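Q: Attaching a single structure in structure tokens format; questions to follow.
Bear in mind that the values in this text are calculations on the coordinates, not laboratory data. Predicted model, so just to flag it, every value in this text is computed and none were measured. Here Cβ is always computed from backbone atoms with ideal geometry, including for glycine, and neighbour counts include all displayed protein chains.
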């Protein structure tokens, strides 16, 4: 997606400065998903496919109210379903809208080696630029939410853009627009956090969900999609939502200490070899009466 | 007498590398240079231009694994050719403990190395084991999108081990090129035309020299 109106504050695989860093006064945008009022109607899934003009994708029925097992390169938004048996034996249907979380500290962007293939706009949206993507799949490794999906034909990765083309025109994302119950909200991060906290308090005080709370994981700097959960102490129940997502430690080690140690060793090695040549020069062997190699008749 | 392919060549030269050894060496070298350039491009944004020069990031990502297979195959052929000659013996251990004399060009103080000295043997094994690690982790990175989420630890392992193994081979590669092109005159020619002078053999591989001289009457 080309975003003339959006400035960039983080660029993947980029040597040098970032043009939009701290140049613009913008609010961070955020989706709020209230899982307690989601009815699993899948309108948001359809709206996503429709708005983004993606080819229709075969669904998979696995005896649940879930369209397919996982998101796909052309299916960015999926309601994950879990029939949870509570302590008293009663059943609870948990529905969670699963899509890119638009992390403040995106693991995909951190892992990406291609200049400009992943950007984060000043409004917080993390966006893949397929024309710069090289298809290496490092973003798949960097993501703690299992979001980026590779198209095996184009060899590029795709995911939710947070409807960047809509929000840059002042519209809300297609999924938000389509939600019939109002469980989806869109606005600034501050407003959404306030709304989410109000709703969680209401669930605790008035509906008996003692552990109700807001999911905005600090391990990735907070996310551009936040959830209200009936039980915020067990996010895993909601389609495997990680309780403390982080950029994988392996990616952190690879991109920071290993990179600096490796660069230091490489440059040091080259300088050292050159210095060795200056100090000691080539080895000399007595040729005696023997003509040198290559001087044969 | 020996199981080595060398035979005396005219004008006080001796064949050090057969055509098969030389050809395989350059297949390994050529593929390694490509892997080095594209791999370093993916390693650091400051070096990404190398992938651009070589046809773009997408092409580099597409070809890197295939060239990697070629390189691994070439290294495994080296194993078939040379592994039998790469075992460390007492002379090698002594050679290694006198490395400082080798580094400071006091080669007359070195114990008599055979066809390969301890440094070359170390290079060989670092490339052999390096190629195995690079191949296995490279397969994970090549087909990373086919791995299920439950096996994501393989990806984490691969993104760490692939560059570590690469860095180890790069360090050895730098030293190898330096020794072969700049430090030991005659070494580069040996992997082009195959032969070295007897003076070269006597100076750097006295044990090997003795084997050749002792096993042949027809020199000069």
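Q: Partner chain Cβ atoms within 10 Å, averaged over the residues of B:160-169 - can you pull that number for me?
A: If you average over the peptide's residues, the count of other-chain Cβ atoms is 3.
Q: Quote to one decimal, in nm, the extra length available between residue A:59 and residue A:202 on full extension: 0.36 nm per residue of separation minus the C-alpha distance between them.
A: Full extension of this stretch gives 47.8 nm more.
Q: Under a 10 Å cutoff between Cα atoms, tell me which one of A:270, A:91, A:32 has the largest fluctuation in the Gaussian network model of chain A.
A: A:270
Q: Counting partner chain Cβ atoms within 10 Å of every residue's Cβ in A:131-138, what's the average?
A: 6
Q: Can you give me the angle between helix A:259-280 and the longest principal axis of chain A, using Cα atoms only, in degrees from 0 to 90, rounded to the nearest 10?
A: 10
Q: Something else now. Assuming R0 = 56 Å, what is the FRET efficiency of residue A:168 and residue A:88, from their Cβ-Cβ distance, to the nearest 0.05?
A: E(calc), rounded to 0.05, equals 0.70.
Q: For a footprinting-style exposure proxy, rank A:14, B:13 by other Cβ within 10 Å, fewest first.
A: Numbers: A:14 20, B:13 28.
By the 10 Å Cβ count, ascending: A:14, B:13.
Q: Over the protein assembly as shown, with a single point scatterer placed on each C-alpha, what log10 of the ratio I(q)/I(0) does the Debye formula yield at q = 0.07 1/Å?
A: Debye curve over Cα of the protein assembly as shown, log10 I(q)/I(0) at q = 0.07 Å⁻¹: -0.53.
Q: Now for a different question. Have a look at A:234, A:42, A:31 and tell me which one the Gaussian network model of chain A (Cα, springs below 10 Å) gives the largest fluctuation.
A: In this elastic network of chain A, the residue with the biggest mean-square fluctuation among A:234, A:42, A:31 is A:234.
Q: So, one more: Would you order B:94, A:105 from fewest to most other beta-carbon atoms within 10 Å of each residue's own beta-carbon?
A: The most exposed by this proxy come first: B:94, A:105.
Q: Now a separate question. When chain A is modelled as a GNM with alpha-carbon springs shorter than 10 Å, which of A:125, A:214, A:46 fluctuates the most?
A: Comparing A:125, A:214, A:46 in a Gaussian network model of chain A, the most mobile one is A:46.
Q: Still on this model: Under a crude label model (7 Å from the Cα following the beta-carbon direction), how far is residue A:27 from residue B:181 in nanometres?
A: Label-label distance for residue A:27 and residue B:181, simple model: 5.9 nm.
Q: Assuming R0 = 56 Å, what is the FRET efficiency of residue B:210 and residue B:143, from their Cβ-Cβ distance, to the nearest 0.05?
A: E between residue B:210 and residue B:143, to the nearest 0.05, is 0.65.
Q: Mean residue ellipticity at 222 nm from the helices of chain A, using -39,500 (n - 2.57) per DSSP H segment of n ≥ 4 over the full residue count, to the nearest 500 deg cm²/dmol?
A: -7000 deg cm²/dmol
Q: To continue, here is another question. How tilted is helix A:189-206 with respect to the longest principal axis of chain A? Cα atoms for both, answer in degrees (0 to 90, nearest 10).
A: In chain A, helix A:189-206 runs at an angle near 50 degrees to the longest axis.
Q: What are the principal axis extents of the Cα atoms in chain A, in Å, biggest first?
A: The Cα atoms of chain A stretch 100, 46, 38 Å along their principal axes.
Q: Follow-up question, since we're still on this one. In Å³ and rounded to a whole number, note down the convex hull volume per residue for the Cα atoms of chain B.
A: On the way: hull volume 31.6 nm³, N = 220.
In chain B, the Cα convex hull volume per residue is 144 Å³.
Q: Ok, one more. Gain in length, residue B:100 to residue B:20, computed as 0.36 nm per residue apart minus the alpha-carbon separation, to one decimal in nm?
A: Residue separation times 0.36 nm, minus the Cα-Cα distance, leaves 25.4 nm.
Q: Hey, how much of the P(r) for the stretch A:41-128 falls beyond 20 Å, as a percent of Cα pairs?
A: On the way: 1950 of 3828 pairs.
Beyond 20 Å sits 51 percent of the P(r) for the stretch A:41-128.
Q: Please find the FRET efficiency linking residue A:70 to residue A:154, where r is the Cβ-Cβ separation and R0 is fixed at 22 Å, and quote it to the nearest 0.05. Walk me through the numbers on the way to the answer.
A: Values: r = 19 Å, r/R0 = 0.86.
Once the sixth-power term is evaluated, E becomes 0.70.
Q: Relative to the longest principal Cα axis of chain B, at what angle does helix B:206-215 sit, 0 to 90 degrees, rounded to 10?
A: In chain B, helix B:206-215 runs at an angle near 60 degrees to the longest axis.
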